[in-house]
Every structure is written in structure tokens, then in C-alpha cells.
């Protein structure tokens with residue numbers, strides 16, 4: 001599978017698929033506010049970032065605009081991404097985006113460096129697996145309670161995640177073990193997992209699984225009324241190092257919006273709830 005190095009400026013113009021440019025610009029703009037809030041809250045300017053499952057990088061565009069160096073890794077089943085990348089001309093004296101077209105499980109073939117941030121957004125293998133777990137674990141009563149909870153956001157009603165299941169597939173943990181720097185950030189946006197972020201079993205298992213890889217769980221946010229759309233932030237390091245990082249960002253403005261590329265009627269979502277703090 002190939003590796004492409006293309007100029008950021010040309011890649012993010014999306015002019016080489018003119019018929020799709022309007023859609024690209026729309027999704028890119030929808031990501032502006034929530035991703036910039038994430039960057040400001042967690043001091044992500046001018047960082048080295050690995051994005052897994054990045055697609056066209058609507059969210060990641062704003063990392064680029066904040067001075068970050070990016071490597072994308074995604075599987076291109078339809079060959080749409082690769083055909084796009086092939087049309088972008090190489091330019092001298094330009095900062096270059098690295099795009100690896102392959103299955104994420106093959107990351108070791110291409111990457112042997114560490115990153116300040118490892119970013120997952122709607123990572124399909126993990127999302128589909130978690131959705132299947134939740135579906136199997138829901139009886140008629142719990143399905144009814146989920147409908148009520150989704151409407152009124154009564155967090156105490158939700159307990160559907162099984163105690164014996166880890167929230168992240170092994171591949172996610174292997175990637176952050178191998179490629180995330182000490183004191184770096186693990187960021188995971190979940191859109192299609194059907195897991196409710198306020199589920200105490202789910203939160204407990206997230207914390208336990210991340211701790212096994214020396215990741216401190218810093219924050220979990222979710223969209224009121226749509227708690228399966230949530231954002232997980234972890235910090236790689238010791239507990240004291242995590243506390244020191246929290247002190248550094250304490251006065252930064254809190255996140256007020258998170259964005260999933262799959263959110264229905266995105267413009268109607270206002271505010272987020274923070275269900276976990278370090």
C-alpha cells in the first residue's frame with residue numbers, strides 16, 4: 001500500500017474533486033468551532049499528530065490551521081482517497097502532509113516515531129464491535145429505559161455495558177502503547193458505538209483499560225440527548241504527571257461543543273455534558 005506526501009495547502013483545498021468541494025467545505029466548517037475548542041482546552045497547538053481513520057480530514061484541518069504536523073492513516077476500500085491524492089501536484093518549499101493508505105493494523109510497516117497526540121475519530125472496527133456488544137446486552141426493559149434516557153438525559157437510568165468487556169479493541173491500545181509519547185494525549189471521538197457515555201460500567205472499564213497502558217483518563221464529554229456521541233481524552237504518564245498537566249490547562253476555556261461527522265442535524269446541538277473529570 002502506498003504512502004503519499006502532498007502539500008497541506010493543496011490537499012485541504014479539495015479543488016481536485018470540484019463536484020464534491022461544496023460538501024468538503026461544509027463539513028470542514030462544521031468542525032471549526034468544536035475542534036478549535038478542543039485545541040484550546042488541551043494545548044494542542046503546534047503538535048505532532050497521528051490521525052487514525054482520518055478520511056478526508058475535515059476535523060484534522062483545524063489541527064493543521066493551528067500549526068500541527070499531521071500523519072493520516074486510513075483504509076481506502078473504494079479507492080476514492082487514493083485517486084484524490086494522486087491528483088495533487090508536488091510543490092517545492094511546501095509543508096507536506098503524509099497520508100498512508102492501508103489498514104490501521106499494519107501501522108508498524110510505516111511508522112516508527114512517537115506523537116504528541118494520537119487521534120481516533122469514529123474508528124469503525126471499534127465502533128462496530130462496541131455496537132454489537134451493546135445490542136446483545138440490551139433486554140426489552142433496558143431498551144425502553146434507553147429511549148427515556150435519550151429523551152430526558154436522566155443519567156442514572158443507564159447501565160448497559162457489561163463488566164467483562166473492554167471499551168477499546170486491542171489495536172487501539174497497541175497503537176497508543178507504541179506511538180504516543182510520554183505526556184502525550186490520546187483522543188477518541190465515538191459516534192456510532194451505541195454505548196452511552198454516562199454508563200458507570202463503561203466509564204470504569206475505560207479508566208481500567210487505559211490505566212493498564214499508563215494512560216490517565218482525563219475527561220469524557222457527551223452530547224445531551226445523544227450520549228453515544230462522546231469524546232474521550234487520556235494522558236500518557238504517571239498520576240502526578242497527569243495532575244501537573246491538569247494544572248496547566250485548568251484556566252483554559254472548557255469545551256462547549258463536540259462534533260461527530262455522523263451527527264444528525266449538527267447545527268441543533270448546543271453544549272455538551274462532562275461526565276468524567278480526572
Does region 61-89 hold any residues that are touching a strand residue (DSSP E or B) at 6+ places or on another chain (Cβ under 7 Å), modelled with pLDDT under 95 and under 15 Å from residue 11 (Cα atoms), and which are they?
81, 82, 85, 88
Show the residue pairs meeting these rules: Cβ distance below 6 Å; 6+ apart or different chains; first residue within region 75-90 and farther than 21 Å from residue 121 by Cα; second residue modelled with pLDDT of 90 or more and not in a helix (DSSP H, G or I).
88/6
Among the residues of region 211-227, is there at least one that is within 19 Å of residue 163 (Cβ to Cβ) and assigned to a helix (DSSP H, G or I)?
yes
For region 235-253, which positions are surrounded by 12 or more Cβ atoms within 10 Å (Cβ to Cβ) and in contact with a helix residue (DSSP H, G or I) (Cβ under 8 Å, 6 or more places away or on another chain)?
235, 236, 237, 249, 252
Pairing a residue in region 100-117 that is closer than 16 Å to residue 81 by Cβ with any residue that is at pLDDT 95 or above and in a loop (DSSP other than H, G, I, E, B), where Cβ atoms lie under 6 Å and the two sit 6 or more apart in sequence or on different chains, gives 100/110
Among residues of region 196-205 being surrounded by 23 or more Cβ atoms within 10 Å (Cβ to Cβ) and in contact with a strand residue (DSSP E or B) (Cβ under 6 Å, 6 or more places away or on another chain), the residue modelled with the highest pLDDT is 197
Per-region count, region 100-124, residues modelled with pLDDT of 95 or more, in a strand (DSSP E or B) and either farther than 27 Å from residue 38 by Cβ or within 17 Å of the chain's Cα centre (by Cα) (or both):
6
Considering region 158-196 alone, what residues qualify as being assigned to a helix (DSSP H, G or I) and within 16 Å of residue 130 (Cα to Cα)?
170, 171, 172, 173
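The values are calculated or read from the model by the stated rules, or taken from the named source; none is laboratory data. All of these numbers come straight from a predicted model, not from anything done at the bench. Neighbour counts run over all protein chains shown; Cβ positions are idealised from the backbone, glycine included.
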